[in-house]
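Some notes on the structure that comes next.
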Amino acid sequence: MNTDKLDFATLAAMRGGVEHTGPLDHACPLCGPDRQSEFNRTRPTLRTWKTMPGIISFYCARCEAKGSALADGTFTTQPISLPLPPPRKPRSERNNLYADHLWQMADVDLPAGVIAYFKSRRILLDDVPPGALRFHPKCPWGGKKVPCIIARYVDALTGKPRGIWRRSADG
Ligand SMILES: [Zn+2]
């Protein structure tokens with residue numbers, strides 16, 4: 001990491017030279033200039049903050065440059081108390097939590113009507129592993145609550161639950 005570009009004077013100037021202590025976000029002088037698009041060059045990926053006079057800490061979410069620049073011109077690779085927000089769970093994980101929730105609320109026992117439905121479609125429930133299909137009597141669906149058949153699918157490689165398949169048991 002080229003720390004010349006992130007010395008105390010530079011960082012202080014980026015922060016407007018003020019004695020403001022909270023976190024501020026800036027375009028990163030390390031990984032920004034090489035980006036092709038204007039958007040990415042100026043994207044504020046570098047967070048700086050000041051926990052005590054004479055020390056500015058920084059962390060870049062893109063190039064992961066981190067450290068603390070001291071007013072005496074020295075530098076440490078340790079940022080001081082990183083005030084970063086907790087990482088947001090990726091969308092797939094959040095969807096998975098919702099799928100999980102629906103799955104947990106669903107009944108392992110299938111009602112007679114559902115069994116009859118599968119029979120009418122010539123789907124042999126005996127071939128389905130026990131518990132692989134569930135029934136949710138009031139599954140949220142398009143703003144309504146409808147009875148649903150739910151199947152859970154898992155990642156073929158890891159066996160981790162991935163999502164659910166739903167079918168309204170109404171029609
Ligand atoms: Zn960077």
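The values are calculated or read from the model by the stated rules, or taken from the named source; none is laboratory data. Treat the numbers as computed from the prediction; the structure is a model and nothing was measured. Virtual Cβ from ideal backbone geometry, glycine too; neighbours counted across all protein chains shown.
Sort out which residues of the stretch 120-137 are surrounded by 12 or more Cβ atoms within 10 Å (Cβ to Cβ) and either at pLDDT 80 or above or closer than 13 Å to Asp107 by Cβ (or both), and write them in order of number.
Listed by number, the residues that qualify are Leu133, Arg134, Phe135, His136, Pro137.
Please determine whether any residue of the stretch 15-23 is under 30 Å from the mean Cα position of the chain (by Cα), on the phi < 0 side of the Ramachandran plot and within 12 Å of the ligand (Cβ to nearest atom).
no
Could you list, in sequence order, all residues of the stretch 95-109 that are touching a Lys or Arg at 6+ places or on another chain (Cβ under 6 Å) and in a helix (DSSP H, G or I)?
Trp103
Would you point out the residue of the stretch 147-163, among those that are within 17 Å of Asp109 (Cα to Cα) and among the hydrophobic types (A, V, I, L, M, F, W, C), that is surrounded by the fewest Cβ atoms within 10 Å (Cβ to Cβ)?
Residues of the stretch 147-163 within 17 Å of Asp109 (Cα to Cα): 147-152.
Narrowing further to those that are among the hydrophobic types (A, V, I, L, M, F, W, C): 148-151.
Working: Cys148: 23, Ile149: 20, Ile150: 21, Ala151: 14.
The selected residue is Ala151.
Looking at (1) in a helix (DSSP H, G or I); (2) at positive phi, which is the only condition Arg122 fails?
Only one criterion in (1) in a helix (DSSP H, G or I); (2) at positive phi is unmet by Arg122, namely (1).
Looking at the stretch 132-171 only, could you name the residues that are more than 19 Å from Asn96 (Cβ to Cβ) and within 25 Å of the chain's Cα centre (by Cα)?
Passing the criteria: only Gly142.
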